[in-house]
1. Using +1 at the Cβ of each Lys and Arg and -1 at the Cβ of each Asp and Glu in the chain, identify which of G112, I187, A217 lies farthest towards the dipole's positive end.
2. If you place +1 on the Cβ of every Lys and Arg and -1 on the Cβ of every Asp and Glu, how big does the dipole about the Cα centre of region 245-319 come out, in debye to the nearest 20?
3. How big is D for region 208-264, in µm² s⁻¹ as a whole number, if Stokes-Einstein is applied with the Kirkwood radius of its Cα pairs at 20 °C and 1.002 mPa s?
4. Tell me the label-point distance for the pair T41, L71, using the 7 Å Cα-to-Cβ offset, in nm and rounded to one decimal.
5. Taking the Cβ of L139 as the center, what net charge do the other residues with Cβ under 13 Å away carry, scoring Lys and Arg +1 and Asp and Glu -1?
6. Using only alpha carbon pairs under 8 Å that are at least six residues apart, calculate the relative contact order of the chain and give it in whole percent.
7. How would you rank 86-97, 262-273, highest first, on the average number of other Cβ atoms within 10 Å across their residues?
8. At 25 °C and 0.890 mPa s, what whole-number value in µm²/s does Stokes-Einstein give for the translational diffusion of region 213-310, with Rh from the Kirkwood sum over Cα pairs?
Amino acid sequence: MSATIDIEHPAAASATPGPLLKRRRHGMSDRAIAWLFITPTIALLLAINVFPLIWTIQASFTNYRANMGWLKVRNVGTGNYSDILSDPDLWAGMQTTAHFVFWSILFEVVLGFGLALLVNRKFRGHSLWTTIILLPMMLSPAVVGNFWTFLFQPQVGLFNYVVSFFTGIPPSSFQMIGDVGLAPWTIVLVDTWMWTPYVMLICLAGLRSIPDSIYEAAEVDRASTWRTFWSVTLPMVVPFLMLAILFRAIENFKMFDMVNLLTNGGPGSLTETVSITLKRAAFEKWQTGWSSALAIILFVAVFGAANIYVKVLNQVKRR
């Protein structure tokens, strides 16, 4: 009699337990193994995100100061929130932030969409020029801030010499950062230089998602280039443009590092955005409870505006 077992026979197959049967004998199902791997990650995310949020909400209703501890803390209710909403200096910072957000997004969308139209065309050195355009967004904001601060220096900054070459103004008398009229535009200029490539990438994804058959149909109908752009290209890319606006608005609203390195809110408080105000209240004046309330207000404002914007974006996509 042959000792070989026929593996195709059901009895022979059941005689050799598979990996799934072995795991079940040891009490480990696929779901249990999955939870075993993801539980540490979930716990870490909760510790990093949820706990600080709960702590911030609790501190926002107190007069807590980080340099005095919790022994002298008392509950002030909504006092911090009412003080913030009635503070004229804070509303001035809101206007500064809105100015920065509006103009930087406007320039980034216009330039980013224009660059996407150019890059979408195949030409010699296409890959090289695309890489060069993407370089600014690959840098750290801290590096970009220090780099442009050096360029704006009145004595040795290259930017002043370039402006002097075209305008005839002496480089030493031209101060981009210290000038009251030009300082707000300094932040807009640097942010536009850094993040226009990001908008370009999103717009480029939208352009390349348009089927060629649509352009072929427009060509059959003898539509002009301008007509094809307004009737085909732009409507198809609008959802991607709106997505880029959403991402950049959220990031620019909470912009801190670049503003802090370029102007630190100066001259005076001309370029003091809300993030700079929050930093000074929390880490210079030690008004931890007040700054926590400001952080919650900003969070609710951005979260609410983003939700409304997403609903509008979904309606645009359905059309």
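1. A217
2. Working: 9 positive and 4 negative charges, 104 e Å.
Dipole magnitude for region 245-319 comes out near 500 debye.
3. Numbers: Rh = 14.1 Å.
D = 152 µm²/s.
4. 4.5
5. Working: positive: none; negative: D191, D257.
The answer is -2.
6. Working: 294 pairs, mean separation 85.3, N = 319.
27 percent.
7. Working: 86-97: 15.0, 262-273: 18.7.
So the order, starting with the most tightly packed, is 262-273, 86-97.
8. On the way: Rh = 16.9 Å.
Reported coefficient: 145 µm²/s.
Read-outs: derived from the displayed coordinates by stated rules, not from any lab. These numbers were taken from a predicted model, which means no experiment stands behind them. Cβ: placed from backbone, ideal geometry, glycine included. Neighbour counts: every protein chain shown.
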